[in-house]
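One structure below.
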Amino acid sequence: MITTKTVLVAGATGDLGQRIVRELLRGDTLVRVLTRPGSGTAEGLFGGEDRVAVHEAAYTDRAGLATALSGVDTVISAVSGARPVIVDAQRALLAAAVEAGVARFIPSDYSADYRRITPGSNRNFELRREFAAELDAAPIRVTSVLNGAFADMLTGQAPMILFERHRVLFWSSPDQILDFTTKDDVAGFVALTALDEHAPRVVEIAGDRVTARDIARIMTDLTGTPFSLQWAGTTGTLSVMSKIGQRFSKDKDKAFPAWQGMQYFVSMFTGEAELRHVNNHRYGPHGWTSVRDVLRHM
């Protein structure tokens, strides 16, 4: 007998969270959206969906979280932020999920592989690694989805491609493999993972695996204008610059200040965060969006 699964999405009003909810609704999944009290955003986004129930509860409201999680099969966390969110809020969500008897928990990782990075080299990765230790000790099945960097960032948010100067930046080596996956592809995979009772502790996906040299060739092909590689220094120098920026920053609690972007490039170009066990075909053939596709539609 097939029973309909109930999945709760925390952070559902965010960019990735909305995409995950959309993907869950492609099937017959019942979706619960957890939102902070008084926001109203969730009702505006999902109020017209018959299979979406909006639950308001603060992460400090243990009783409210318990009510929202009652009868839920899987929790998907898509929250975004620094320590107050990635560690503190998710810790409360995890405790409530265990108390409510939820079977599975998908944390808000959605990143490159943070497990092997050098201590002190990437704040956001270390917060995920810290929370992962708590997940591993909890009496609940956990699956982390690692997807490299979001490919969508290449069109502007990540200053790697200098479009007007026809340059592609790299640090240390232009031949280091870089993993990229679009948010839509991540959302689709996460929705399938939420329904997979046999998903392992970690699943790795990569919509595309390219080097800086590859990106320069792609941009040259797409634009008809030669794009050349530009050495931006070593990863060691970039790491030092990021630490200086972090030390004197006034936005230490933001999720993605400029120095955090530097740290992400350090982790990628050293190869420490490179995915090692990509399994794109776990749920069968999928038309993954390539870096070329992303740049073609910029």
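The values are calculated or read from the model by the stated rules, or taken from the named source; none is laboratory data. Because the structure is a prediction, the values reported are computed rather than measured. Here Cβ is always computed from backbone atoms with ideal geometry, including for glycine, and neighbour counts include all displayed protein chains. Heads up: the accessible areas ignore ligands, DNA and RNA and are worked out on the full protein's heavy atoms, side chains in. Shrake-Rupley method; radii C 1.70, N 1.55, O 1.52, S 1.80 Å.
Computed values, structure above
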| quantity | calculated |
| --- | --- |
| Percent antiparallel among DSSP beta bridges (both partners in the stretch 27-177, rounded to 5) | 15 percent |
| The chain - Debye-derived log10 I(q)/I(0), Cα point model, q = 0.06, 0.07, 0.11 Å⁻¹ | -0.20, -0.28, -0.68 |
| Restricting the stretch 196-272 to trypsin sites (Lys or Arg not before Pro) in coil, as DSSP defines it, with at most 16 other Cβ within 10 Å | 201, 250, 252, 254 |
| P(r) weight above 16 Å for the stretch 1-57, C-alpha pairs, percent | 35 percent |
| Debye-sum result for the stretch 122-181 in log10 I(q)/I(0), which assumes one identical scatterer on each alpha carbon, at q = 0.12, 0.18, 0.29 Å⁻¹ | -0.48, -0.83, -1.25 |
| Choice from 279, 122, 147 showing the highest fluctuation, given a GNM over the chain with Cα pairs closer than 10 Å | 279 |
| Extreme residue, positive dipole direction of the chain, given options 258, 9, 190 (C-beta unit charges) | 258 |
| The chain: antiparallel DSSP beta bridges as a percent of all, rounded to 5 | 15 percent |
| Heavy atoms of residue 8: accessible area, 1.4 Å probe, square angstrom to 10 | 0 Å² |
| Cα-based Rg / Dmax (Å) for the stretch 59-148 | 13.0, 40 |
| Total formal charge among the other residues, if their Cβ is under 11 angstrom from that of residue 194, Lys/Arg +1 and Asp/Glu -1 | -2 |
| Highest-fluctuation residue, 27, 71, 188 considered, GNM on the chain with Cα pairs under 10 Å | 27 |
| Of 102, 278, 33, the one that fluctuates the most in a GNM where the chain has Cα springs shorter than 10 Å | 278 |
| Segment residue 15-residue 49, length gained on full extension (0.36 nm per residue, minus Cα span) | 10.4 nm |
| Centre separation in Å (Cα based) which lies between the stretch 40-71 and the stretch 224-262 | 37 Å |
| Values of log10 I(q)/I(0), in the order q = 0.12, 0.17, 0.19 Å⁻¹, for the stretch 1-140 under a Debye, Cα-only, solvent-free model | -0.47, -0.92, -1.12 |
| Cα convex hull of the stretch 138-284, projected area averaged across orientations, nm² | 10.9 nm² |
| Cα-based convex hull volume of the stretch 202-298 per residue, rounded to whole Å³ | 151 Å³ |
| DSSP bridge orientation in the stretch 162-264 - percent antiparallel, rounded to nearest 5 | 50 percent |
| The stretch 193-252 - percent of accessible surface contributed by carbon and sulfur, probe 1.4 Å | 56 percent |
| Sulfur and carbon atoms: percent of accessible area, the stretch 80-178 [1.4 Å] | 55 percent |
| The stretch 119-201 - charge dipole about Cα centre, Lys and Arg +1 at Cβ, Asp and Glu -1, debye rounded to 20 | 240 debye |
| Spin-label pair residue 136/residue 163, simplified geometry with 7 Å Cα→Cβ offset, distance in nm | 4.2 nm |
| Which of 41, 273, 288, positive extreme of dipole for the chain (C-beta unit charges) | 273 |
| Accessible surface, the chain, averaged per residue in Å² (probe 1.4 Å) | 45 Å² |
| For residue 234, solvent-accessible area (1.4 Å; no DNA, RNA or ligand), Å² | 50 Å² |
| Spatial extent of the stretch 64-206: Rg and Dmax, with the Cα atoms as the point set, Å | 17.0, 55 |
| Contour minus Cα-Cα distance for residue 250 and residue 87 (0.36 nm per residue) | 56.6 nm |
